[in-house]
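Before any comments, here is the structure.
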Amino acid sequence: MTNIVLFGKPGAGKGTQAEFLKEKYHLTHISTGDVFRYNLKNDTELGKQCKVFMDAGDLVPDELTTKMLLEEINKHPDTNGILFDGYPRTISQAQALDTFLASIGSQVAATVALEADDEILVARLLERGKTSGRIDDQDEEKIRNRYQEYNEKTAPLIGYYQAQNKFHAVNGIGTIQEITVRLSAVIDNL
Ligand code: AMP
């Protein structure tokens, strides 16, 4: 299995790039944000539990998130590899992922980060909020809170993956196609 973690701040383009990369490398795309939103929309038990966190732009607690993620992975026992989009977002999640993958004889092959300036990303999210229907994209205060969550809880993952020699960063500013080329250059070298 070639498991890739797509890393980056909210609005960096992870979801957009995942759509291309999953086709190109025949990977299973798991977006934790998408799974949570599906559950919110369908008012499931998980949806009820994660709503308050998502609406505020806070991270959903690790235990709930990791349980959901492992259930998603287990739906694809024959996959070629997983493209993780939006997970892990805390050190505890990264450790849980490493432990789980090791238990099935696999591992994270690489973490690829899409880098972009905060101000560009905030503007992008506010623009996306006009059409996405996402409450967390419509209010600048909630968006800023998501960046604070990122800086406090997610940014330490850079060091976590660097220590394993698995962290790669690409410039996330450019056309969709240019960025796909940059990401592919990293993946092709693995
Ligand atoms: P995203 O679509 O990746 O921006 O995620 C939207 C929201 O879902 C986040 O602001 C969090 O509330 C929640 N979420 C998604 N992935 C995670 C995760 N790995 N850990 C905690 N919360 C998450």
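Readers should treat all values here as calculations from the given coordinates under stated rules, not as data from a laboratory. No experiment lies behind these values; they were computed from the predicted model shown.
For the range 86-190, how big is Rg over Rh, using alpha carbon atoms and the Kirkwood form of Rh? If you can, show how the numbers build up before the last one.
Working: Rg = 15.7 Å, Rh = 15.5 Å.
Result: Rg/Rh = 1.01.
For a straight C-alpha distance cut-off of 12 angstrom, the aspartates and glutamates reachable from Lys51 (same-chain residues fewer than eight places away being disregarded) are Asp43, Asp136.
In nm², what is the average projected area of the convex hull enclosing the Cα atoms of the range 114-172?
Numbers: hull surface 17.8 nm².
Seen from a random direction, the Cα hull of the range 114-172 projects 4.5 nm² on average.
Note on Lys153: lysines with a C-alpha under 17 Å away, same-chain residues under 8 apart excluded, are Lys9, Lys142. Quarter the surface of the alpha carbon convex hull of the chain and you get the mean projected area, 10.1 square nanometres.
For the range 101-146, the mean projected area of the C-alpha convex hull, equal to one quarter of the hull surface, is 5.1 nm². Measuring max minus min along each principal axis, the C-alpha atoms of the range 1-65 give extents of 35, 22, 21 Å (largest first).
With the helix formula -39500 (n - 2.57) applied to DSSP H stretches of n ≥ 4, the chain reaches a computed 222 nm mean residue ellipticity of -17000 deg cm²/dmol.
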